[in-house]
Amino acid sequence: MPYIQLKTPIPGPQSQALQARRAAAVSGALAQANPIAVRKAHGSLVEDVDGNTFIDLAGGIGALAVGHTPQGVVEAIKAQADELIHMCSIVANYEPYVALCERLNHLTPGSFPKKTLLSSGGAEAVENAVKLARRYTGRPGILVFEGAYHGRSNLTMAMTSKWGLFKKGFGPFAPEVYRLPLPNLYRTPEGMTPEQYVNWCCWNLENALTAHIDPSALAAIVIEPVIGEGGFIPVPHRFLRKIREVCDAAGAVMIADEIQSGSGRTGRLWAIEHSGVVPDLLISAKSLGAGMPISAVTGRAEILDSPHVGGVGSTYGGNPLACAAALEALAILTSPGFLQQAQRIEGMVRETFEPLKAEVPALGDVRGVGAMMALEFVRDPKSKEPWPEFAMETIRRASQRGVILIRAGLYTNCIRFLPALDIPEDMLREALGVVAGAMRETHQALAVGA
């Protein structure tokens, strides 16, 4: 019996009714990838208000590596709610905050003394990391990369790429942010080998310390080890090592933004562990809280201790309920064999879609690491001109057939897969089969039909 159970056309009447209420009450600027209204969810299955059951491959945009409502997390939240819902770490101390910081200090890379600062969301954590790096170094400059997504606050919008979707009409932005090319191997420039392309990007990084900013003004380099919103681009390990070398030579702080790629998503607890590179600060969020709003900056104790007392803080950062959820999520993620399931997911995605490149030429690339995989669509395999309409139409058709998806990519031409790591194999095969069928239909409608 299939996991997907559709009782009405999608969206159903109750979803449409709630959608009408949303349109009247909620900012129209808030996007929505799938036209359904959710009633409940467990594991990798989502039930809408019309009684339809979907397979979720979006995972709350990567926040649900341990799935929807895992029993241990639910029980931890309920138990904590009976004791303490809120206190504020600025007002008084409480055990869940300290316990989570201790756990993160132990789990993040690096043999040096570490400390942690908790906050409520990813953008807040990025801002905290930048503040800490600036205070520690006494310098203003921040280097970031093309395709990066670091948040929607004013500073993090300055750090984020993709101007049209995230930044249009919201400037001016925070100063002293400098952006450099990143080696996206799928888009290796014509006439270069991938190795030459990485070499050029490494040279360009060094050259930036003359062309863009002096080393004496550089506070930090911020990098997603796997680019997230920008299209699930694994950063070549040699480029990560070059960033580490440049930071060491300049006395700057290397910051790994693991908001989406961390908390087990790639099969290691932190994506940067695949490279062996150790950052000075590591930012975590999303799957850290198993759906609860929490984020963290973890790293060298001397950097975390560098501001004056009162220089950092957050009313809800490290909320007791979120800390309890995060501690249980980390217990699940570090349980024997749990992270190894990410490789199974990567293998199944590649096995499903790599052979489709010949049948559907618009499928230009299948890439990613572990349970962080993406498909990129192009109008022509040689020119690689982005085809965002193909991605969006495939998502629409898959949603109508019971699979929840979201797009990604600097050019909005990718579909990203962020399933729970413990999604059953037959459930994942069913969902990927639906996506493959939606791709074929889109190919017939947009390519052949054109």
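Bear in mind that the values in this text are calculations on the coordinates, not laboratory data. Just so we're clear, the structure is a prediction, and the values are computed from it rather than from any experiment. Every residue, glycine among them, receives a Cβ derived from its backbone with ideal geometry; neighbour counts consider all protein chains shown.
Any chance you could run the full-extension gain for residue 173 through residue 359? It's 0.36 nm times the residue separation minus the Cα-Cα distance, nm to one decimal. Working shown, then result.
Numbers: separation 186, 0.36 × 186 = 66.96 nm, distance 4.44 nm.
Here the segment from residue 173 to residue 359 would lengthen by 62.5 nm.
Need one word for region 71-333: rounded, prolate or oblate. Basis is the Cα gyration tensor (sqrt eigenvalues a ≥ b ≥ c); a/c below 1.5 gives rounded, then a/b vs b/c decides.
Working: a/c = 1.84, a/b = 1.60, b/c = 1.15.
Taking the square roots of the gyration eigenvalues as a ≥ b ≥ c, region 71-333 is prolate.
Pick from 351, 224, 47: which is most flexible by mean-square fluctuation in a GNM of the chain where alpha carbon atoms under 10 Å apart are linked?
Answer for the Gaussian network model of the chain: 351.
Please report the spacing between the Cα centers of region 35-101 and region 156-223 in Å, no decimals.
What the calculation gives is 35 Å, centre to centre.
For the chain, give me the percentage of DSSP beta bridges that are antiparallel, rounded to the nearest 5 percent. Display every interim value, and only then the final one.
Working: 35 of 52 bridges.
In the chain, approximately 65 percent of DSSP beta bridges are antiparallel ones.
Among 172, 388, 96, which one shows the highest mean-square fluctuation when the chain is modelled as a Gaussian network with alpha-carbon springs under 10 Å?
Residue with maximal mean-square fluctuation among 172, 388, 96: 172.
With unit charges on the beta carbons (Lys and Arg positive, Asp and Glu negative) and the dipole taken about the Cα centre of region 71-333, which residue among 226, 105, 165 sits farthest to the positive side?
Selected residue: 165.
Let me make sure I get this right: for the chain, a, b and c are the square roots of the gyration tensor eigenvalues over alpha carbons, sorted descending. Under 1.5 in a/c it's rounded, otherwise prolate if a/b > b/c, else oblate. Which is it?
Working: a/c = 1.72, a/b = 1.17, b/c = 1.47.
In terms of gyration-tensor shape, oblate.
How do 312, 98 line up, fewest other C-beta atoms within 10 Å first? Show your work: numbers first, answer last.
Details: 312 18, 98 14.
Sorted ascending by nearby Cβ count, the order is 98, 312.
Which Cα, out of 399, 447, 435, lies furthest along the positive dipole direction of region 359-450 (beta carbon charges, K/R +1, D/E -1)?
Farthest along the dipole direction, towards plus: 447.
Cross-link candidates for residue 357: which aspartates and glutamates have Cα within less than 16 Å, leaving aside residues fewer than 8 places away along the same chain?
The reachable aspartates and glutamates, counting only those whose Cα sits under 16 Å from residue 357, are 365, 376, 380, 385, 441.
Cα centroid distance between region 124-144 and region 407-450, in Å?
What the calculation gives is 38 Å, centre to centre.
Specify which residue in the list 342, 25, 197 is farthest towards the positive end of the charge dipole of the chain, using unit charges on the beta carbon of Lys, Arg (+1) and Asp, Glu (-1), about the Cα centre.
The residue sitting farthest along the positive end of the dipole is 25.
For the ranges 393-404, 284-295, what's the packing order if you count other beta-carbon atoms within 10 Å of each residue, average per peptide, and put the highest first?
On the way: 393-404: 21.2, 284-295: 27.2.
The packing order, highest mean first, is 284-295, 393-404.
Only bridges whose two residues both fall in region 71-333 count here: according to DSSP, what percent of them are antiparallel, nearest 5?
Numbers: 12 of 27 bridges.
About 45 percent, rounded to the nearest 5.
With only Lys, Arg, Asp and Glu charged, each at its Cβ (+1 for the first two, -1 for the last two), find how big the charge dipole of the chain is about the Cα centre; round to the nearest 20 debye.
On the way: 41 positive and 43 negative charges, 141 e Å.
Charge dipole of the chain: 680 debye, to the nearest 20.
Taking a point 7 angstrom from the Cα of residue 32 along the C-beta vector, which residues in region 402-431 have backbone N less than 15 Å away?
Correct set: 405.
How do 170, 239 line up, fewest other C-beta atoms within 10 Å first?
Numbers: 170 11, 239 20.
In order of increasing Cβ crowding within 10 Å: 170, 239.
Output the pairs from 115/286; 131/168; 78/131; 167/242; 168/286; 115/167 with a Cα-Cα distance over 27 Å in this structure; if there are none, say none.
Details: 115/286 20 Å; 131/168 25 Å; 78/131 34 Å; 167/242 29 Å; 168/286 25 Å; 115/167 33 Å.
Over 27 Å apart, Cα to Cα: 78/131; 167/242; 115/167.
Where is the GNM fluctuation largest for the chain (alpha-carbon springs, 10 angstrom cutoff): 263, 335, 120?
The residue that fluctuates most here is 335.
Could you list 384, 167, 114 so that the one with the fewest beta carbons within 10 Å of its beta carbon is first and the one with the most is last? Mind dumping the intermediate values first?
Numbers: 384 18, 167 15, 114 22.
Sorted ascending by nearby Cβ count, the order is 167, 384, 114.
Give, as a single signed number, the net charge of other residues whose beta carbon lies under 9 Å from the beta carbon of residue 301, with Lys and Arg counted +1 and Asp and Glu -1.
Details: positive: 114, 115, 300; negative: 302, 305.
Spelling it out: positives minus negatives among the neighbours equals +1.
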